[in-house]
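Below is one structure, written out as structure tokens; comments come after it.
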Amino acid sequence: MRWMIELLLAVMLVALAVYALTMMPKSPVSTTMGRQNVETAYNTLLQLSLNPSFLSSLEGSICSQNPQAVKAMLDSAIPQPYIYNFTVYLAGSSPPPCLICATWNSKLLSVARPTGWAGSTATSSATIAAVLPDGTQVKLVLYIGKP
């Protein structure tokens, strides 16, 4: 019976140690890295949403379903050590003329580095509303992280 009590105490001590380790605050380095990722995501989206040539390229890529021009611009705007997923959603009630059947919040375009990376909640994200040259209201979402 005594060994069961000792085993129970040992299990409780291990559980307490695991709990204490999970409740410790994040290190300053990891907190700073997270802030840098969020800052990079928002700065990139703001610069791109104010760039008329990017918005024109985005509009053309949405209609042609060929995101290569957008991907090239994102690759040059986002520093190389970062991985990203850039997705465009329809934010207004009027879809672009080339996608007249699109409904609110439908995905219009998605590009990523590396190809196929879907982004995750573990990475930093930024969301900005923009208006394409044809008047279409879109929501730009950028997930960014470091591998």
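Built from the Cα atoms of the chain, the convex hull projects on average onto 12.7 nm², one quarter of its surface area.
Shape analysis of the stretch 39-81 places it in the oblate category; the axes a ≥ b ≥ c from the Cα gyration tensor give an a/c of at least 1.5, with a/b not above b/c.
The chymotrypsin sites (Phe, Trp or Tyr not before Pro) found in the stretch 38-147 that occupy coil by DSSP, while having at most 16 further C-beta atoms within 10 Å, are Trp104, Trp117. Of all aspartates and glutamates in the structure, those lying under 18 Å Cα to Cα from Lys71, and not within fewer than 8 positions of it along the same chain, are Glu59. For the chain, Cys101 stand unpaired, since no other cysteine beta carbon lies under 4.7 Å from theirs.
Between Ala20, Ala130, Ala112, the GNM of the chain built on Cα springs shorter than 10 angstrom shows Ala20 fluctuating the most. Nearest 10 degrees, 0 to 90: what angle lies between the long axis of helix 68-77 and the longest principal axis of the chain (Cα atoms)? Tilt relative to the chain: about 60 degrees.
Read the figures in this text as sums done on the coordinates, not as results from a lab. Keep in mind that what you see is a predicted model, and the values were worked out from it rather than measured. Positions of Cβ are backbone-derived with ideal geometry, glycine not excepted, and every protein chain shown enters the neighbour counts.
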